[in-house]
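As structure tokens, the structure follows; a few thoughts come after it.
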Amino acid sequence: SNAPIQGAAADIIRRAMIRMPQAIRGLPVRMLLQVHDELVFEAEESAVDELIAVARQVMENAPDPAVRLAVPLVVDAGQGDNWAQAH
């Protein structure tokens, strides 16, 4: 069963979501929703690069300090006018 892995992934994304509002405070950005292991944001175009950097840092470090993973988390980011373009 992959339930332990799915549970850990859910815990990691939840930790990232809890930390994200503080991380993006002051940016013209809104976190809209979570879809599985993705976070979806709405951002002014001028803030996209900074948002990606901040979100990547928060998400890649979400397990800390509770869990030390044996492999690094790698966060992919996309952008577009809609979800299809962002993928």
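Of note:
- Cβ-Cβ under 8 Å pairs, at least 6 apart or on other chains, the range 58-87 side touching a residue at least 60 places away in the same chain (Cβ under 8 Å), far side part of a helix (DSSP H, G or I): 73/12; 73/59; 73/60
- Residue that is nearest to residue 20 (Cα to Cα) [pool: residues in the range 34-59 that are in contact with a Pro (Cβ under 7 Å, 6 or more places away or on another chain) and not in a strand (DSSP E or B)]: 47
- Residues within the range 55-75 that are surrounded by 10 or more Cβ atoms within 10 Å (Cβ to Cβ) and under 18 Å from residue 39 (Cα atoms), tallied: 11
- All positions within the range 4-22 that are among the hydrophobic types (A, V, I, L, M, F, W, C), under 11 Å from the mean Cα position of the chain (by Cα) and surrounded by 13 or more Cβ atoms within 10 Å (Cβ to Cβ): 12, 13, 16, 17, 20
Taken together, the values in this text are just the output of simple stated rules run on the coordinates, not laboratory data. Just so we're clear, the structure is a prediction, and the values are computed from it rather than from any experiment. Here the Cβ is made from the backbone with ideal geometry for all residues, glycine too, and neighbour counts use every protein chain on show.
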